[in-house]
Amino acid sequence: MAMLVGPNLLRRLLRLQPSAIDGGSGLIISVIHQFRSHYSTTAELSADHPNDEGNSEKKDSKWFTLPPFAKTVNASVLRAKLAGKSHLKEADESTAIKWVLKCCPELPRSLVQKLFRLRQVRRESKIVEVSDDDSQVQRIQLKRDSLNIGDRIFLPITVREFPEEKQEHGCTDEELNFIRNLELYKDPAIIVLNKPPGMPVQGGIGIKWSLDELAATWLCYDYSEPPRLVHRLDRDCSGILVMGRTQTSARILHSVFREETIGVSEHDFDNEKRILQKKYWALVIGSPRRPKGTISAPLRKVVVDDGKSDRITVFDNTKIMSSQHAITEYSVIKTSSHGYTWLELSPLTGRKHQLRVHCAEILGTPIVGDYKYGWQAHRRWQNLPESDLGKNSNEKFSKENSLPFGLNMNSGSILEKRLRLHLHCREMILPNVSQALQYLQSSTDHDLSKLKSLEIVAPLPSYMQKSWDILNS
């Protein structure tokens, strides 16, 4: 009995192409493009199971198969190898639910979980047995509780009608060029952008433009899957933003960023090989008492304004479950006679608003433009008088055309009444995931800890560069 495939799904399947990096034996397979050869009904299944109870021709036609389960790259183990921790055991981190989500990314996780909960998913395992005459006989079992390499998963045919594709954002040539010009680095595994201040990283209610949606629409290039976020930057923060170009590389990078926080403790962070290093530049009001140091202060979210908003604050009692350990290294780049200081901040953990709170509450030097955590300091602070240099600088930056998507990176320097957040992720050192995966394709004996890391540098946005020029004149 033939199966009818919806036009939306057929168009999606024919478009998909294998990624350049997701191939090779023993590695994660780009399974989506294999639907064309594996998508089938259980008419085939019923032929293999003529005596299976409850299998009728009508019922058999309501299933389709996923590609056979294959070994995947264990992101945590690969991250450990990059850090030189070869003693960790490699374990298969894939589950049946993860495999379904990998094969069918359009399906909501809640729907997949419901299918498993209602026992609407079947798994086929092929077992080789030896018969009485010593010949090998292949027997097929339907299982619900185990998943081995080579197993096939059957889903109800009713889920074949995936949701409609998102409408692509209309984009002018100027907007497209602006998005492409944000690229700092690109290889088969990752793409790195210089995030502009004022643009949110992730979409949501009331957000018209976000970097994740723009990247999914315009930065796929010849890949069948969109770039994926692996970490975040605040909306008003600027600088380096890393995205995984494939599902495999995104999982590995997410593990790297996650372990940066989980693996660091107050006692052993100096001994840990830091395969991920981030350096922010910040202009602060005032100057720290010491030119360099390490801040170790737990953070906690508190609700304010009768529940209308929240903020992060330093919380001394680490025994409280809601507090999160946070560590930041800092050093003074340059001080100014006007009372400003340029700092280099290196977060060893990745907590929300960590740098902003540590600067404001621990160092007593709130970041310029951070009205959330430094409102009182800004209220007392006097702006610089507009000097001749300031006038010349204003003329220079005003000549720049307004930017697409309603962005403006020219205004907000220390000469203006309304200051913008002077926090920029300027440098990042991270493992070369693309090269690591290429080595794993050929052999698993490579010492990945000796791979040369990627070093990315992002230039300052215009208003921060303007403040830098003024204070260094």
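Structure notes:
- Against the conditions (1) open to solvent by less than 50 Å² (accessible area, probe 1.4 Å); (2) closer than 25 Å to Leu276 by Cβ; (3) out of contact with any Asp or Glu (no Cβ under 7 Å at 6 or more places or on another chain), Cys171 satisfies every one except (2).
- If you check Glu124, Glu129, Glu165 for being at pLDDT below 80, in a loop (DSSP other than H, G, I, E, B) and not small (Gly, Ala, Ser), only one passes: Glu165.
- Among the residues of region 186-208, those that are open to solvent by 60 Å² or more (accessible area, probe 1.4 Å) and within 28 Å of Ala75 (Cα to Cα) comprise Lys186, Gln202.
- A residue that is assigned to a loop (DSSP other than H, G, I, E, B), modelled with pLDDT under 85 and either surrounded by 18 or more Cβ atoms within 10 Å (Cβ to Cβ) or in the same structural domain as Glu183 (by the TED database) (or both) occurs nowhere in region 281-289.
- Members of region 290-301 that are at pLDDT below 95 and more than 14 Å from Gly364 (Cβ to Cβ): Ser296, Pro298, Leu299, Arg300, Lys301
- Scanning region 448-458 for residues that are open to solvent by 80 Å² or more (accessible area, probe 1.4 Å) and in a loop (DSSP other than H, G, I, E, B) gives a single hit, Lys452.
- Selection from region 217-228 of residues that are farther than 10 Å from Arg245 by Cα and either of a type in the set (Asp, Glu) or open to solvent by less than 50 Å² (accessible area, probe 1.4 Å) (or both): Thr217, Asp222
- Among residues of region 438-447, those that are surrounded by 14 or more Cβ atoms within 10 Å (Cβ to Cβ) and part of a loop (DSSP other than H, G, I, E, B), counted: 1
- As for region 348-357, it holds at least one residue that is at pLDDT below 95, in the same structural domain as Ala282 (by the TED database), among the aliphatic types (A, V, I, L, M) and over 19 Å from Leu421 (Cα atoms).
- In region 417-437, the residues that are more than 19 Å from Met243 (Cβ to Cβ) and surrounded by fewer than 18 Cβ atoms within 10 Å (Cβ to Cβ): Lys417, Arg418
- Boolean, Tyr463 is among the aromatic types (Phe, Trp, Tyr), open to solvent by less than 20 Å² (accessible area, probe 1.4 Å) and not in a loop (DSSP other than H, G, I, E, B): yes
The values are calculated or read from the model by the stated rules, or taken from the named source; none is laboratory data. Owing to the predicted nature of the structure, the values given are computational and were not obtained by experimental measurement. All Cβ positions, glycine included, derive from the backbone under ideal geometry; neighbour counts span all protein chains shown. Remember, those area values only see protein heavy atoms, side chains included, never the ligands or the DNA or RNA. Shrake-Rupley method; radii C 1.70, N 1.55, O 1.52, S 1.80 Å.
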